[in-house]
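Some notes on the structure that comes next.
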Amino acid sequence: PLSTQRGRGAMEGRAVEFGRWLVANAFHTTWDLLLTPENIAQAFGAMAAMSAMTVSLIHIARHWRYNRTKVRKPTVRLLFIVPIFAMDCWACLMLEASVYQWAELLTCIREVYEAVALVSFMELMLTILGGTQHLAVILVDESYLHSAGVPQPVPHVFPLCKILPAYQAGPQFLKSMLLGIFQYVFVCLAYMAVTCLIWALDVFGLLPPRLFVALKVVPNVTKAASCAWALNCLLLFAHEVYAHVPPCGLFLKFLSIKGIVFFTFWQGFVIWICERTGGFQRALHYVDEKSTASGINSVWWSEAQLKSGINDLLLCFEVLFFSVLHLFAYPAREVETMPQSVVRRIEDPGEITLDRVLSAVNLMNLRKFRDEVESLGPGEHGEGPCSVTWFWSRLLLSGRER
């Protein structure tokens with residue numbers, strides 16, 4: 001009936017008005033339906049992000065159906081990096097013009113999950129290798145085998161090998177590497193908390209602009225140093241255990257996870273170089289000319305928003321590429337190509353229940369993995385590689401040895 005249609009039209013109109021009010025007041029931004037370069041970028045970013053999420057979620061569902069092994073849980077956590085990054089990057093792209101700077105907070109969320117994915121990758125490798133205790137025994141036996149009865153130390157990569165003493169092969173090396181990767185998760189959580197505090201102080205006008213920029217440097221530098229140490233531990237660990245990993249595409253698995261982080265960092269660096277060399281301004285001038293000639297409203301974000309928006313737009317397309325790469329790096333039926341000795345070690349024929357599905361996304365389950373690492377025994381000087389005391393004790397020990 002006509003009255004019903006009018007009622008539905010009125011309800012839709014009120015819904016649209018409420019949506020506009022929510023956007024204007026909660027997010028303090030506007031999404032005008034104008035043909036601008038920003039809106040075109042947001043539309044293409046949305047299509048790429050939604051496509052990436054669709055491919056990735058289908059792949060995750062296939063793992064829950066066909067992957068009946070103990071590596072299913074860490075694999076699902078790894079694969080969730082694509083939906084989280086895709087949704088986060090597109091949300092940042094849509095909220096880039098917000099005066100509340102929501103994009104900065106959303107970026108912290110994906111950086112925290114980056115650390116979770118790194119730890120999940122280690123859990124995946126350790127599960128394939130038989131667990132922490134089994135791997136520690138293998139590393140000790142290999143050290144004695146190649147050194148005529150004398151345990152061979154594991155040196156740091158250059159140039160750290162010049163200032164830090166080598167590790168003892170076995171439990172001490174394994175625990176140091178795993179805790180060195182774990183510390184990145186806690187640093188990222190602290191980084192998010194500090195960033196939220198600085199953001200709140202800036203939004204409420206309690207920080208001068210110069211002080212705001214200066215305060216952001218400290219957590220950024222700390223996080224960068226923590227990430228560098230975690231990657232150093234990961235590469236050193238991979239170098240020592242590579243010969244013991246069964247054929248499972250280890251390099252492709254690592255590339256498909258850390259490649260996202262690699263592009264995130266180096267894209268920002270390239271954009272910064274383009275800004276310093278004037279290439280950024282020339283590109284903006286070119287787009288302005290083409291927009292005017294095509295009848296497009298050439299309304300731009302601020303320069304800082306534009307740099308962040310370009311990085312988010314590129315990531316929307318890159319996660320689409322990585323969602324396809326994950327199909328080959330983490331196949332749902334990979335167990336069919338593994339050696340039978342490995343299959344017997346990791347098989348998990350239990351029924352799939354809702355609790356088991358939810359346990360894969362419950363990050364508190366990583367505590368069990370941490371407890372296994374702690375059971376390897378105390379590290380040198382009783383300190384783990386997360387602490388400042390540990391670093392200085394190793395540095396002083398290096399000086400005494402030299």
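The values are calculated or read from the model by the stated rules, or taken from the named source; none is laboratory data. Remember, predicted model here, so these are calculated numbers, not experimental data. When we count neighbours, we look across all protein chains shown, and the Cβ atoms used for this are built from the backbone with ideal geometry, even at glycine. The area values use the complete protein model at the heavy-atom level, side chains included, leaving out ligands, DNA and RNA. Shrake-Rupley method; radii C 1.70, N 1.55, O 1.52, S 1.80 Å.
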Residue under question is LEU129, and the condition is that it be open to solvent by less than 50 Å² (accessible area, probe 1.4 Å), in contact (Cβ under 8 Å) with a residue 60 or more places away in the chain, touching an Asp or Glu at 6+ places or on another chain (Cβ under 9 Å) and of a type in the set (A, V, I, L, M); does it hold?
no
How about the stretch 79-191: which helices (runs of 4 or more DSSP H) wholly inside it have at least 2 residues that are charged (D, E, K, R) and more than 22 Å from CYS316 (Cβ to Cβ)?
132-145
Matching residues in the stretch 253-263 - criterion: being out of contact with any Asp or Glu (no Cβ under 7 Å at 6 or more places or on another chain) and open to solvent by 60 Å² or more (accessible area, probe 1.4 Å):
LEU255, PHE262
Scan the stretch 47-72 for residues that are in contact with a Pro (Cβ under 7 Å, 6 or more places away or on another chain) and either within 16 Å of LYS253 (Cβ to Cβ) or crowded, with 20+ Cβ neighbours inside 10 Å (or both) and jot them down.
MET53, SER56
Within the stretch 187-200, how many residues turn out to be farther than 22 Å from VAL119 by Cβ and open to solvent by less than 50 Å² (accessible area, probe 1.4 Å)?
3
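Quick grid of which residues meet (1) modelled with pLDDT of 80 or more; (2) aliphatic (A, V, I, L, M); (3) open to solvent by 20 Å² or more (accessible area, probe 1.4 Å):
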| position | (1), (2), (3) |
| --- | --- |
| HIS146 | no, no, yes |
| ALA169 | no, yes, yes |
| ASP202 | yes, no, yes |
| LEU234 | yes, yes, no |
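Look through PRO219, PRO209 and report the one residue that is farther than 21 Å from LEU178 by Cβ, open to solvent by 80 Å² or more (accessible area, probe 1.4 Å) and out of contact with any strand residue (DSSP E or B) (no Cβ under 7 Å at 6 or more places or on another chain). Before the answer, list the steps.
On the way: PRO219 fails: open to solvent by 80 Å² or more (accessible area, probe 1.4 Å).
The unique qualifying residue is PRO209.
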